[in-house]
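Worksheet: the structure to be examined is printed underneath.
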Amino acid sequence: MARQFDVPDFYRSPVVSRVKAARKAEDPRKKDLAPSVLDFGPLRVKLARHFGFCFGVENAIEIAYRALAEHPDKAEAGRIFLLSEMIHNPHVNEDLQARGIRFLRTTTGEQLIPFDDLAPGDLVIIPAFGAPPEIVADLRERGIEPETYDTTCPFVVRVWKKSAHIGAKGYTVVVHGKRNHEETRATFGHAKEDAPVVVVRNMEETEALAAVIDEREDADFFWRHFADRTSEGFDPARDLAQIGVVNQTTMLATETAAIAERVRQAVVARDGDAARFADTSDTLCYATKENQDATLSLIESGADLALIVGGYNSSNTSHLVELCEDAGLPTYFISDASEMTSPREIHHFDWREKEERTSSGWLPVEKGSPVEVLLTAGASCPDALLDEVIRRLLKWFPDARSVDEALTPFVDDPQSRAA
């Protein structure tokens, strides 16, 4: 049986939780990626088969709230800290701050509270993205044990272990990720202890790296593209001989696979075989891939528009937005229902330009036939936020069926569903 985490009830939801429970009872092996349809008559909401809190996020939330429960005195005194945002969702992070947790750094690494302000016995929680070894060592030297409440995602740790494994065999680690993202910084820090490391952001950068691997380009070309993306002492002539690719777990799984294949092809072009390329495909995060595959199935079902809910600095959420946009759907990346101010106006985030926008006429309430809305969320988004989105949509369809009526097909017992 899958582990059940102790997540506060206010993050769960009566609508989405019921749909998820019914789908799980009907399809425990998760083979059916078809969306769940909430039919309200003039409005049809199509929920992705997989979305919301993943194993790593629920694990992190359980640990953080346990730290608060076990040390109320420290919380009241402001002596419980998070190294940075625990996960990329403002609602979760704001609730933790309201309960007494203070953030030491921003998501990009800028210091908010100097480490010199810490005292022995303070609690420092490691976020789900993990932390570089040098930061952990620094905290230990200050009399703090960061492992006590370490929320690092187990799938991130698996990437670190794979990096160490192939590094011990003489392979260089290529990390597919965003160089300044917390998880990539942590993975980079761990990987460089055992191997030379270089970070690639996308296929364009991978093509540049491939040109050096297969010796079409030289070291000067390499440094023009990767000067700020390598471990200290990196030597492209030496360190690109044997290679393995791992990833920031929130990247597009299909892109990581394509990048690994392109690097393998470059090794084959140079050597005649792939003997010096390490297979690291087992490091892909199952939850990230499930959510992306479910989003692709959601897109295939068709709709008038897509709503993607999550933190604006959430990498995995932005990739769900990317999938919908690339399919040509009108797509709106929102943090919560409050962004939907009316059927005429919506505030949303442009993840490519990193800025908030306002769009008009986004919801075709006078379409005549049912309005179909695709709805999904990032791995750090509470289900309760999707409930609020659904209820906000229903306000603009006065003739819609009730939530209870729309939920009628979703029961936990498959036999009851068939009756």
Response to the item:
Counting only DSSP loop positions in the stretch 219-323, the GluC sites (Glu not before Pro) whose Cβ has at most 16 other Cβ atoms within 10 Å are 232
Worksheet item: How big, in percent, is the set of alpha carbon pairs in the stretch 296-419 lying more than 25 Å apart?
Response: 26
Worksheet item: Of the beta bridges DSSP finds with both residues in the stretch 51-167, what % are antiparallel, to the nearest 5?
Response: 10
Worksheet item: Among the GluC sites (Glu not before Pro) within the stretch 364-409, which fall in a DSSP loop and have no more than 10 other Cβ atoms within 10 Å of their own Cβ?
Response: 366
Worksheet, complete the sentence: With every protein chain kept in place and a 1.4 Å probe, the chain has an accessible area per residue in Å² of 43
Item to complete: Just need the relative contact order of the stretch 1-147 here, percent rounded to a whole number, with Cα pairs under 8 Å and 6+ apart.
Response: 17
Response to the item:
Note to self: Kirkwood Rh of the stretch 253-338, Cα pairs, one decimal, Å, is 15.0
Item to complete: Write down the radius of gyration of the stretch 97-155 and its Dmax, each obtained from C-alpha positions, in Å.
Response: 11.2, 32
Worksheet item: To the nearest µm²/s, what D does Stokes-Einstein give for the stretch 316-384 at 20 °C and 1.002 mPa s, using the Kirkwood radius over alpha carbon pairs as Rh?
Response: 164
Discussion item. What does DSSP give for the stretch 15-117 in terms of the percent of beta bridges that are antiparallel, rounded to the nearest 5?
Written reply: 60
Discussion item. Give me the one-decimal Kirkwood hydrodynamic radius in Å for the stretch 165-260, with the sum taken over alpha-carbon pairs.
Written reply: 13.2
Fill in: For residue 350, net neighbour charge (Lys/Arg +1, Asp/Glu -1) across residues whose Cβ lies under 15 Å away
-4
Worksheet item: Hey, what does the equivalent ellipsoid look like for the stretch 9-150, semi-axes from the Cα gyration tensor as sqrt of 5 times each eigenvalue, largest first, whole Å?
Response: 37, 15, 14
Worksheet item: Just how much of residue 402 is accessible, in Å², when a 1.4 Å probe is used and the result is rounded to the nearest 10?
Response: 50
Discussion item. For the stretch 199-255 and the stretch 294-358, what is the centre-to-centre distance using only Cα atoms, to the nearest Å?
Written reply: 31
Worksheet item: Short version: what are the Cα gyration tensor semi-axes of the stretch 222-303, square root of 5 times each eigenvalue, largest first, in whole Å?
Response: 31, 16, 12
Worksheet item: Given a 1.4 Å probe and the protein chains all in place, what does the accessible area of residue 301 round to, in Å² to the nearest 10?
Response: 50
Worksheet item: Can you give the calculated 222 nm mean residue ellipticity of the chain, where each DSSP H run of n ≥ 4 adds -39,500 (n - 2.57) and the sum is split over every residue, rounded to the nearest 500 deg cm²/dmol?
Response: -12000 deg cm²/dmol
Discussion item. Ordering 185, 49, 224, 357 by accessible area with a probe of 1.4 Å, largest first, what comes out?
Written reply: 224, 357, 185, 49
Discussion item. Tell me which of 172, 203, 160 sits at the most positive position along the dipole axis of the stretch 148-220, charges placed on C-beta atoms (Lys, Arg +1; Asp, Glu -1).
Written reply: 160
Response to the item:
Ranking 351, 364, 329 by how far each Cα lies towards the positive end of the charge dipole of the stretch 319-407 (+1 on Lys and Arg Cβ, -1 on Asp and Glu Cβ), the top one is 364
Response to the item:
Under Stokes-Einstein, the stretch 6-54 at 4 °C and 1.567 mPa s, with its Kirkwood radius over C-alpha pairs, diffuses with a coefficient in µm²/s of 108
Discussion item. Below 8 Å between Cα atoms, with a sequence gap of 6+, how large is the relative contact order for the chain in percent?
Written reply: 22
Worksheet entry | Alpha-carbon spread of the stretch 288-346, three principal axes, descending order, Å | 32, 26, 15
Fill in: Kirkwood Rh (inverse of mean 1/r, distinct Cα pairs), the chain, angstrom
23.0
Item to complete: Check cross-link reach from residue 169 to the lysines: straight Cα distance under 16 Å, and skip same-chain residues fewer than eight apart.
Response: 161, 192
Worksheet, complete the sentence: For the stretch 52-98, the Cα-Cα pair-distance distribution in 10 Å bins from 0, as whole percents, is 24, 59, 16, 1
Fill in: Percentage relative contact order, the stretch 66-202, counting C-alpha pairs under 8 Å, at least six apart
21
Worksheet item: If you roll a 1.4 Å probe over the chain with all protein chains in place, what percent of the accessible area is carbon or sulfur?
Response: 48
Worksheet, complete the sentence: Of the convex hull enclosing the alpha-carbon atoms of the stretch 251-293, the direction-averaged projected area in nm² is 3.0
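The values are calculated or read from the model by the stated rules, or taken from the named source; none is laboratory data. All figures in this text were calculated on a predicted structure; none of them were measured in a lab. Methodologically, a virtual Cβ is constructed for each residue, glycine included, from the backbone with ideal geometry; neighbour enumeration extends over all protein chains shown. The protein model used for the area step is the full one, side chains on, heavy atoms only, and it has no ligands, DNA or RNA in it. Shrake-Rupley method; radii C 1.70, N 1.55, O 1.52, S 1.80 Å.
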